[in-house]
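The values are calculated or read from the model by the stated rules, or taken from the named source; none is laboratory data. Nothing here was measured: the structure is a model prediction, and the numbers come from that model. Ideal geometry is used to build each Cβ from the backbone, glycine not excepted, and the neighbour counts take in all protein chains shown. Surface areas here come from the heavy atoms of the whole protein model, side chains and all, with no ligands, DNA or RNA. Shrake-Rupley method; radii C 1.70, N 1.55, O 1.52, S 1.80 Å.
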Amino acid sequence: MADATATAITHIASLVTNDPSLGSGPLGLIQDAAVVIDGDRVAWVGESSKAPATDNRIVAEGRALIPGFVDSHSHVVFAGDRTEEFNARMSGRAYSAGGIRTTVAATRAASNNVLHANAGRYVREALRQGTTTMEIKSGYGLTVEDESRALAVAAAHTDEVTYLGAHIVAPEFADDPAAYVDLVTGPMLDACAPYARWIDVFCEQGAFDGDQARAVLAAGAARGLIPRVHANQLSYGPGVRLAVELGAASADHCTHLTDADVDALASSGETVATLLPGAEFSTRAEYPDARRLLDAGARVALSPDCNPGSSFTSSMAFCVAVAVREMGMTPDEAVLAATAGGAAALRRTDVGRIAVGARADLLLLDAPSHVHLAYRPGVPLAAAVWRGGELVK
């Protein structure tokens, strides 16, 4: 008897399950496959010829199906525009008046409605391209009130909310960064912790040094928030090893790494190296060496790092293509990093894979293989997207 509540997607040319027990290779590939969705979960996976009967059936017509992208690093609660800064940078001119502080001023001045509208726009934009899970950080308020309202906005759009009061030292505290760290670890943390799952810090020259970052993360951990670290983006520093030492879920950027940093990530069973190639693309900086990390045995994730200053893209497909072209990743490795890698960076087992019991987050590509994400850069390949079993595109 057919299952009236379930939907079968059949005649999938190539199915990426990210479960090696279900198919071939690390991606668990199944050719001429089918997936059955029941409610918000995957109920069956296998060869199309063996799919159980359902009243509802969608024929993929030889397209590929992959897990929905998992974006573990975004900054989409903001207001304002930094086109002028980008234009100056791309024109080879020095630009000193912009930066994060420009966005902080605009975000503080924006209403809650404006912040909600902006964040919703970028979440929907990413969803249309296949991103079904998205982490969102604060970090453009830098006052108790503005950080807490940014997190309230983020929480309206995702369960993966990160407190980033330690993005930079707030302008008002430029002459007393220690007092700002006290604010971030005290009253601001008190106001923000109820909204967040994660705590993050920008451990970098010009932001927070290793001791300050440690204090921020320790305070967050004492309130039940799990650490993440912006680490080693602009220079060599203590961020990566601090992340590993504290059992952070991810060290993000990982552009400038010593051998000790790579070894630390490779030996960690907890900390994922999250690479953000959009930032290097948009700043003409050196790309992180994904090949070096993968060959050492580190777990790698990819994210667009959507933010108004250094990486104003929500496209995971773009990041996959750049990672393959510029960072030494194979197409299989890049797709794995954009799905299961992001899930690992968020410590999620229900997303980033297509297996029985996983959340039915699916991306149907207008192509016969996931390799086309790198093979056809810049082409919109998202033919259909399901989030939690609901067809949203």
Quiz item: Just one of the numbered conditions (1) open to solvent by 30 Å² or more (accessible area, probe 1.4 Å); (2) part of a loop (DSSP other than H, G, I, E, B); (3) not aliphatic (A, V, I, L, M) is not true of residue 44; which one?
Solution: (2)
Practice problem: Identify the residue in the stretch 335-393 that is of a type in the set (Val, Ile, Thr) and within 20 Å of residue 304 (Cα to Cα) and, among all such residues, is surrounded by the fewest Cβ atoms within 10 Å (Cβ to Cβ). | Solution: 379
Exercise. Give the residue that is surrounded by the fewest Cβ atoms within 10 Å (Cβ to Cβ), with candidates limited to residues of the stretch 127-151 that are at positive phi and under 20 Å from the mean Cα position of the chain (by Cα).
Key: 139
Exercise. Would you check if residue 224 is of a type outside the set (D, E, K, R), open to solvent by less than 70 Å² (accessible area, probe 1.4 Å) and either free of Cβ contacts under 8 Å to residues at least 12 places away in the same chain or not in a helix (DSSP H, G or I) (or both)?
Key: yes
Practice problem: Count, please, the residues in the stretch 50-100 that happen to be of a type in the set (Gly, Ala, Ser), surrounded by 13 or more Cβ atoms within 10 Å (Cβ to Cβ) and without any contact (Cβ under 8 Å) to a residue 24 or more places away in the chain. | Solution: 1
Quiz item: Conditions: (1) closer than 30 Å to residue 124 by Cβ; (2) surrounded by fewer than 20 Cβ atoms within 10 Å (Cβ to Cβ); (3) of a type in the set (S, T, N, Q). Residue 258 meets all but one. Number of the miss?
Solution: (1)
Quiz item: Among the residues of the stretch 242-255, how many are surrounded by fewer than 24 Cβ atoms within 10 Å (Cβ to Cβ) and either of a type in the set (Val, Ile, Thr) or free of Cβ contacts under 8 Å to residues at least 24 places away in the same chain (or both)?
Solution: 3
Exercise. Considering only residues that are assigned to a strand (DSSP E or B) and open to solvent by less than 20 Å² (accessible area, probe 1.4 Å), look in the stretch 182-214 and name the one that is farthest from residue 232 (Cα to Cα).
Key: 198
Quiz prompt | Which listed residue, of 14, 48, is within 15 Å of residue 369 (Cβ to Cβ) and modelled with pLDDT of 95 or more | solution = 14
Quiz prompt | Test result for residue 124, among the basic types (Lys, Arg) and within 15 Å of the chain's Cα centre (by Cα) | solution = yes
Quiz prompt | Residue list for the stretch 1-35, filter: in contact (Cβ under 8 Å) with a residue 24 or more places away in the chain, open to solvent by 40 Å² or more (accessible area, probe 1.4 Å) and part of a strand (DSSP E or B) | solution = 3, 4, 5, 11
Quiz item: Restricting attention to the stretch 276-286, does a residue exist that is among the basic types (Lys, Arg) and modelled with pLDDT of 95 or more?
Solution: no
Quiz prompt | Residues satisfying the stated conditions in the stretch 175-233, i.e. of a type in the set (Val, Ile, Thr) and in contact with a strand residue (DSSP E or B) (Cβ under 6 Å, 6 or more places away or on another chain) | solution = 184, 199, 201, 216, 226, 229
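One line per residue, one yes/no per condition, for (1) in contact with a strand residue (DSSP E or B) (Cβ under 6 Å, 6 or more places away or on another chain); (2) at pLDDT 95 or above:
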residue: 8; (1), (2): yes, yes
residue: 24; (1), (2): no, yes
residue: 55; (1), (2): yes, no
residue: 65; (1), (2): yes, yes
residue: 73; (1), (2): yes, yes
Quiz item: Out of all the residues in the stretch 101-126, which are free of Cβ contacts under 8 Å to residues at least 12 places away in the same chain, of a type in the set (Gly, Ala, Ser) and part of a helix (DSSP H, G or I)?
Solution: 117
Quiz item: Does residue 170 fit the bill of being farther than 21 Å from residue 226 by Cβ and open to solvent by less than 10 Å² (accessible area, probe 1.4 Å)?
Solution: yes
Practice problem: Could you check, for the stretch 302-324, whether at least one of its residues is in contact (Cβ under 8 Å) with a residue 40 or more places away in the chain, open to solvent by 10 Å² or more (accessible area, probe 1.4 Å), out of contact with any Asp or Glu (no Cβ under 7 Å at 6 or more places or on another chain) and farther than 24 Å from residue 124 by Cβ? | Solution: yes
